[in-house]
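Asker: First, the structure itself, so that you have it in front of you.
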Amino acid sequence: MSSEEPLLPRRASVEVLRAEAQDELSSLIHERLREGEDPWDFMEDLPTVDELVVLTLRAEHIEADGGLRPTHARNQRLLRQIAHKYPELTPAARRLWGSENTHRRWDSVVRVIRD
């Protein structure tokens, strides 16, 4: 048994993944604006296009693995594998390596409301 977990087969080019992520970000922004939120309050919380691509690839792997939330070590290993398989996404994956909360922190439904 290899110490490296297999990633899902490469499903698209990085350009296609980025285009899909840009569409998703546009939808998120539009949704939050329609709810009356001030862009100054949420724009900094949104992921970059490349971060969203990395998070999407990570989510696809988790779903294929039965939907179990990965441990911190497994999450870090998965992010390194994504960076290795998609070198263009390495900077975004590195930004997420130290993040404890990578579960849709930008989503108005799941984000933590601060006091």
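The values are calculated or read from the model by the stated rules, or taken from the named source; none is laboratory data. All figures in this text were calculated on a predicted structure; none of them were measured in a lab. All Cβ positions, even for glycine, are placed from backbone atoms using ideal geometry, and neighbour counts span all protein chains on display.
Asker: Can you name every residue in segment 10-27 that is modelled with pLDDT under 90 and surrounded by 12 or more Cβ atoms within 10 Å (Cβ to Cβ)?
Answerer: Applying the first criterion (modelled with pLDDT under 90) to segment 10-27 yields 10-13.
Scanning segment 10-27 gives no hits.
Asker: Same structure again: Would you be able to tell me the number of residues in segment 63-84 that are surrounded by fewer than 17 Cβ atoms within 10 Å (Cβ to Cβ), of a type in the set (A, V, I, L, M) and assigned to a helix (DSSP H, G or I)? Break it down into steps so the answer makes sense when it comes.
Answerer: First pass over segment 63-84, keeping only residues surrounded by fewer than 17 Cβ atoms within 10 Å (Cβ to Cβ): 63-69, 71-74, 76-77, 80, 84.
Now drop any that are not of a type in the set (A, V, I, L, M), which leaves 64, 68, 73.
Then keep just the ones that are assigned to a helix (DSSP H, G or I); that gives 64, 73.
Summing the residues that are surrounded by fewer than 17 Cβ atoms within 10 Å (Cβ to Cβ), of a type in the set (A, V, I, L, M) and assigned to a helix (DSSP H, G or I) in segment 63-84 gives 2.
Asker: Which is assigned to a loop (DSSP other than H, G, I, E, B) and charged (D, E, K, R), of 31, 37? Walk me through how you get there before you give the answer.
Answerer: Details: 31 fails: assigned to a loop (DSSP other than H, G, I, E, B).
Residue meeting the stated conditions: 37.
Asker: Residue check: is residue 71 at pLDDT 90 or above and of a type outside the set (A, V, I, L, M)? So that I can check it myself, show each step before the final result.
Answerer: Numbers: at pLDDT 90 or above: no; of a type outside the set (A, V, I, L, M): yes.
Criteria not met by residue 71.
A quick yes/no check of all residues on (1) in contact with a Phe, Trp or Tyr (Cβ under 8 Å, 6 or more places away or on another chain); (2) surrounded by 13 or more Cβ atoms within 10 Å (Cβ to Cβ); (3) at pLDDT below 90:
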position	(1), (2), (3)
8	no, no, yes
31	no, yes, no
48	no, yes, no
56	no, yes, no
102	no, yes, yes
